[in-house]
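J.: Please read through the structure below; I'll follow up with questions.
The values are calculated or read from the model by the stated rules, or taken from the named source; none is laboratory data. The structure presented is a predicted model; accordingly, all values stated were derived computationally and were not measured. All Cβ positions, even for glycine, are placed from backbone atoms using ideal geometry, and neighbour counts span all protein chains on display.
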Amino acid sequence: MPFKLTAIPTTALATTALAATTLASAIGVAGMAQNRPQDVNVYSGRHYNTDKQLYAEFTRRTGIKVNLLEGKDDELIQRLKSEGSKSKADLLVLVDAARIIRAQEADLFRPIRSAELNKDVPSNLRDPQGAWYALTRRARPVMVNPAIVRPGLIRTYADLGRPELKGKLCLRNRASVYNQSLTADELVRRGKPATQQWLRGLTANFKQPLFTSDTPMLRAVGQGQCGAAVANQYYLARMLQDKNGAERSTAAKVKVVWPNPTHVNISAGGVTRHARNPEGAQRLLEFLVSPSSGEGYAAANNEYPLKGWGNNPILKGFGSFRPSPVSMEQLGRRNREAVQLMTQAGWD
Amino acid sequence: MQPELSVGRSGLLLVVLIASGLALLPLLILLKDALVGGSAGGLGLGADGARQVQGTLLLVGGEGVLGAVVGTAIGWLTAVCRFPGRRWLRIAQLVPMAFPAYLLAASLIDWGSHRGLRIHGLGWAIALLTLANYSYVFLLSTESFSVSGRRLLEASRSLGVGPWRSFFRVALPIALPSIGAGIALSAMEVVNELGAVRLLGVPSLSAGILDRWQGDGDPQGAALLSLVALAIVAVLITAERLLRLRSRRWNLDGGRGGGHVWTLHGWRAAAAQLLCSLPPLGAVAIPTLWMQQGWQGLQAEPLSELLQLAGRSLGLALLATAVTCLGALLLAICRRWSPQPLVQQLSFLAGLGYAIPGSVLALGLIVLGGPLGLSPVLLLLWGYGDRFIAVSKQGLDAALERIPPSIDETATSLGCDWLAVLRRIHLPLLRGPLLVGALLVFVDVVKELPITLALRPFDFDTLAVRVFQYASDERVGSAMGPALLIMLFGLMAAFALIPSLDQRD
C-alpha cells in the first residue's frame, strides 16, 4: 500500500486544524447573528421544512430575522427550564396540548395582550391569560378499511369498544402523546367511570402488537391487516399525495370516519418568560396566526387552520366534522390522569 | 513493581482527577437534582420499570452473545485464514458501522409495512442491534488475532493441531481480553440505544429514564432507573476486567507475524466468504431495498443545505475525535504509570460516561451548562468526550496490558523518562488501537443524536439531527439525503483505517 502509517498523524492534524477553523468561523457567524437584538429566536417542537419558508416570508415583510432551533418538545422544555433567565429563546412553539400545559406549568411563557391574536384564535384554542396561542389544528379521526369494518358502525369513539371490532382495532402504544390527549378528551367529556369502561372495551379489541408510528399503521389498514385505527389526518393526506403509486393506492383504500364529536389537538406558540425581544416574538406570532399565512403554515403539512377547513383539496375530500368542545387547557391538565387510566386498563 | 516517575506523580493524579471529574459531573448534577427535589410517584421500579429492566437485559444478553460469535468468527477468519476476497471482506466489515441503528430500524419497518410485513419486537431488535454493533467485537478481536501469539499459532500448526483446536486452545484465550472489551463496548451501546429500540416496541431503560423524567415529571424515578442502567454497565465492565486479569498474557513476540497461518479451500473457503459477507450485505441491503420505493426523497434537501449540514457534522466529529482520543491516551498512560488504586478507580469512573444513556447525559449537561453560561459547542464537545472516551480507552487499556512492565522497567533503567518511554515504546505499539479508537469515535460522533439534539446552538443542525427530524415526522424517505452522507462519512473513516489493517499482511 502506498499509504504510509506515519503520514496519518500529520494528515489527521491538518484536517483537524482545517475543521477547527471552519467550525470556529461557522460558530463565529452564528454567534454574531444571535447578538443582534432585533432578531427573534424560536425554539420549535414542530419540525417541518415548510415552516422555514414561512419564517423567511416573515423576514421579507418585516426585516426581522428568525433564528430557529428545532428539537423534541420535552427537551426544549427542559432546556428552557435550565437556561432560566439566560435563555436566548423569544418564542416557544410546541405540539400537543399536553406539552403546552407542561410548559405553562413550568412558567416558561409570559402572558401578552394582543387584540389581533384574540380575534384570530378561537377562545378554546388559546390561554385565557394570553400565555400561548394555537397555530394549527389537527384532528384524530377513525380510519377504517370498509372491506373489513362497516364505516357506519362507528359514530363515536365509544363505538371502538364494540365486540364487532374484536381483534381488528390497531392503535399506537401508550407512549404516543396523541393517544394520551385522546383519552384526556374522553375523560373531560364523559368523566372517569365512563372513560375507564371505554378503555377496557378498547384494550379488549386490540390487535397486538401495538404500533409505534401512524404511517405503517395506516398502511396496515389499507392492506387489510387492520379493520380500524385512530390516526392524525395529515398522515393519510400525505400518503395520498405520495409520489409512489403503490402508496397512493393503499391510502385510497382507507376511509376516514369522523366520530361525533372529533378529538382535535393543536400546535401552539407563546412568548417566553425571559424573551429579549418580546415585541418581535409577538409580531411573529400574529403573522403565523393571521388567516392568509396561517393557512400556509397549516396547509403545507396538511393540517387544519384555526377556523374552518382551509383550501387543501385532500382535506376537503375527507369531509367535515364537529370538533370536541373540550378546551386545550383542559386536555393538558388532565394528561397525567389519562396516562394513569391507560396504564390501569393495560394499554401498553 | 511499576517504575517510579521522576516528575509529576501528583501531576498524573491531577490529570486523572480533572478528567474523571469532568466525566462524572453531569451525572452527579442529575442525581443531586433528582434526589433533592420532590417526588411525584412513589419510589420503586413499578411494573413498567421492571419490564424496562428486563427488556434491556434481554437486549444486552442477546446482542452480546450474537455479536460475540459473529464478530469473533469473522475477526478470526479475516485475520488468520486465507481465502479469496479476504482483503475486501475485511474492509467490508466496517460498512455496517456507518449505519445508525435508528435509521436501519426506521427504514426496515417502513419497507416492511409496504409489504405487509410487521417488523417488531425483541427478535428483530437483537438482530438489528447486532448488525449495528458487532463491529466493535470484530475490530478489537481482529486486531488481537493479527498481533498476538503468532508464533504460538505457527508452533501449534507445525505440531499438527488443526485450525479449530488452535483457535479454541491458543488464539481465543490470548484474544479474550480484546474480545471482552469489544463485547463490553457493544453491550454499552445497546444499553444506550434509544431510537431503534423505541421504534421496534421493545421496553428499555433508556426510554424509561427519559419518559419518567420528562413525561411523568418524576426525576427520582428516572434517577433510580439510571442507577440500574449504570449497575448493568458496571457489571459488564467488571466482568471484562476480571477476564483480562485472568488471562494476563504478555505478548513477547514483538513484531507482527507476516503471512497467514491457514489457507482455506473448496467449501470451507466458500463458507468463510458467505459468513463474512452476510453482515455488510445486510446493512447495505436494508436502505437499498427501501430506496427502491423511490428516489424522490433525495430531492427533499437542496444541495447547499446538505453541504452545510455535512460541514457541521464533519467539523464536530473531527474536533471531538481529537479531544476524546487525547483524553483517553492520557488516562490510559496515567493508569499504567501510577500504581495508586485511587488513580485506577478514577480512571475507571471516567469511562463510565459511556454507560449513561446519551439523552440522560444531555439532560445533565443542559442543567450544568445553563448557569455556567458555556458556549453550546463547548458543551457539545464535553458531552461527546464524556460519552466516547470509553470507546478509545477500552482498546488502549487492553493493548497496554499486552505490553509487559518489564519493558518499561528496562527503558527507565536505561535512562529514559516516562515521556521518552511513551514516545518511543508505547506510542508505536499503541498506534493500532489509537487508530481504531479514533475511527470508532469519529463514526459515533457523526451518528450521535441525543446530545447533539439537546445542546446545539441556533441554526446548527447536523446530518444526524436532520435525519431524526424527518424520521420522527414519519417522512423516512426525505431522510435519505442526509442519511447517505452519514454513511459516506462512516465509509470514509473506515477506508482511512485500511492501511493500518493491511500493514499486517
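J.: Consider A:Thr215 against the criteria (1) more than 9 Å from chain B (Cβ to nearest Cβ); (2) part of a helix (DSSP H, G or I); (3) crowded, with 16+ Cβ neighbours inside 10 Å; (4) modelled with pLDDT under 95: it satisfies all of them except one. Which criterion is unmet?
T.: The number of the failed condition is (1).
J.: Identify the residue in region A:294-348 that is within 14 Å of chain B (Cβ to nearest Cβ) and part of a loop (DSSP other than H, G, I, E, B) and, among all such residues, is farthest from A:Leu284 (Cα to Cα).
T.: Here the residue is A:Gly346.
J.: If B:Glu301 meets every condition in (1) more than 25 Å from the chain's Cα centre (by Cα); (2) farther than 16 Å from B:Ala479 by Cβ apart from one, which number is that one?
T.: (2)
J.: Kindly list, by first and then second residue, each pair from a residue in region B:281-293 that is among the β-branched types (Val, Ile, Thr) to a residue that is not in a loop (DSSP other than H, G, I, E, B), limited to pairs with Cβ atoms under 7 Å and residues at least 6 apart or on different chains.
T.: From residues that are among the β-branched types (Val, Ile, Thr), the pairs are B:Val284/B:Val95; B:Ile286/B:Leu104; B:Ile286/B:Ser107; B:Ile286/B:Leu108.
J.: Across region B:8-63, what is the number of residues that are among the charged types (D, E, K, R), surrounded by fewer than 20 Cβ atoms within 10 Å (Cβ to Cβ) and at pLDDT 75 or above?
T.: 3
J.: Sort through A:Ala237, A:Ala246 and tell me the only one that's of a type outside the set (Lys, Arg), surrounded by fewer than 22 Cβ atoms within 10 Å (Cβ to Cβ), farther than 20 Å from A:Glu164 by Cα and at the interface with chain B (Cβ under 10 Å from one of its Cβ atoms).
T.: After ruling out the rest, the residue left standing is A:Ala246.
J.: Can you pull out the residues in region A:166-183 that are small (Gly, Ala, Ser) and either within 14 Å of chain B (Cβ to nearest Cβ) or not in a loop (DSSP other than H, G, I, E, B) (or both)?
T.: Once the filter is applied, which keeps residues that are small (Gly, Ala, Ser) and either within 14 Å of chain B (Cβ to nearest Cβ) or not in a loop (DSSP other than H, G, I, E, B) (or both), region A:166-183 yields A:Ala175, A:Ser176, A:Ser181.
J.: So for region B:90-100 (the condition being free of Cβ contacts under 8 Å to residues at least 12 places away in the same chain and within 14 Å of chain A (Cβ to nearest Cβ)), does at least one residue qualify?
T.: no
J.: Take the residues in region B:356-389 that are of a type in the set (Gly, Ala, Ser) and at pLDDT 85 or above; name whichever of them is farthest from B:Val436 (Cα to Cα).
T.: Taking the candidates together, the pick is B:Gly383.
J.: Does B:Ala438 satisfy being assigned to a helix (DSSP H, G or I), facing chain A (nearest Cβ under 9 Å) and within 22 Å of B:Ala390 (Cα to Cα)?
T.: Criteria met by B:Ala438.
J.: When you scan region A:141-164, do you find a residue that is closer than 26 Å to A:Trp309 by Cβ, buried (at least 22 other Cβ atoms within 10 Å of the Cβ) and under 16 Å from the mean Cα position of the chain (by Cα), even just one?
T.: Yes, the conditions are met somewhere in region A:141-164.
J.: Go through region B:451-467 residue by residue and tally those that are of a type in the set (Asp, Glu) and either surrounded by 24 or more Cβ atoms within 10 Å (Cβ to Cβ) or more than 7 Å from every other protein chain (Cβ to nearest Cβ) (or both).
T.: 1
J.: Can you find, within region B:193-209, the residue that is modelled with the lowest pLDDT among those that are crowded, with 24+ Cβ neighbours inside 10 Å and part of a helix (DSSP H, G or I)?
T.: B:Ile209
J.: So, A:Glu329, is that one surrounded by fewer than 23 Cβ atoms within 10 Å (Cβ to Cβ), farther than 14 Å from A:Val42 by Cα and acidic (Asp, Glu) or not?
T.: So A:Glu329 fits the description; yes.
J.: On to the next question. Away from every other protein chain (no Cβ under 13 Å), out of contact with any Cys (no Cβ under 7 Å at 6 or more places or on another chain), farther than 30 Å from A:Leu187 by Cα and hydroxyl-bearing (Ser, Thr, Tyr) - does that describe any residue in region A:60-76?
T.: Yes, region A:60-76 contains a residue that is away from every other protein chain (no Cβ under 13 Å), out of contact with any Cys (no Cβ under 7 Å at 6 or more places or on another chain), farther than 30 Å from A:Leu187 by Cα and hydroxyl-bearing (Ser, Thr, Tyr).
J.: Have a look at A:Asp107, A:Asp90, A:Asp74 and point out the one that is in the same structural domain as A:Arg276 (by TED's automatic domain parsing), among the acidic types (Asp, Glu), more than 16 Å from A:Met328 (Cα to Cα) and exposed (fewer than 15 other Cβ atoms within 10 Å of the Cβ).
T.: A:Asp107
J.: A further question on this structure: Has region A:118-140 got any residue that is in a loop (DSSP other than H, G, I, E, B), among the small types (Gly, Ala, Ser) and either farther than 30 Å from A:Val271 by Cα or within 14 Å of another protein chain (Cβ to nearest Cβ) (or both)?
T.: There is no residue in region A:118-140 that is in a loop (DSSP other than H, G, I, E, B), among the small types (Gly, Ala, Ser) and either farther than 30 Å from A:Val271 by Cα or within 14 Å of another protein chain (Cβ to nearest Cβ) (or both).
J.: For region A:249-280, how many residues are of a type in the set (Gly, Ala, Ser), within 14 Å of chain B (Cβ to nearest Cβ) and closer than 30 Å to A:Tyr43 by Cβ?
T.: Summing the residues that are of a type in the set (Gly, Ala, Ser), within 14 Å of chain B (Cβ to nearest Cβ) and closer than 30 Å to A:Tyr43 by Cβ in region A:249-280 gives 1.
J.: Would you check if there is a residue in region B:155-168 being part of a helix (DSSP H, G or I), in contact (Cβ under 8 Å) with a residue 12 or more places away in the chain and either closer than 30 Å to A:Thr250 by Cα or of a type in the set (Val, Ile, Thr) (or both)?
T.: No; the residues of region B:155-168 include none that is part of a helix (DSSP H, G or I), in contact (Cβ under 8 Å) with a residue 12 or more places away in the chain and either closer than 30 Å to A:Thr250 by Cα or of a type in the set (Val, Ile, Thr) (or both).
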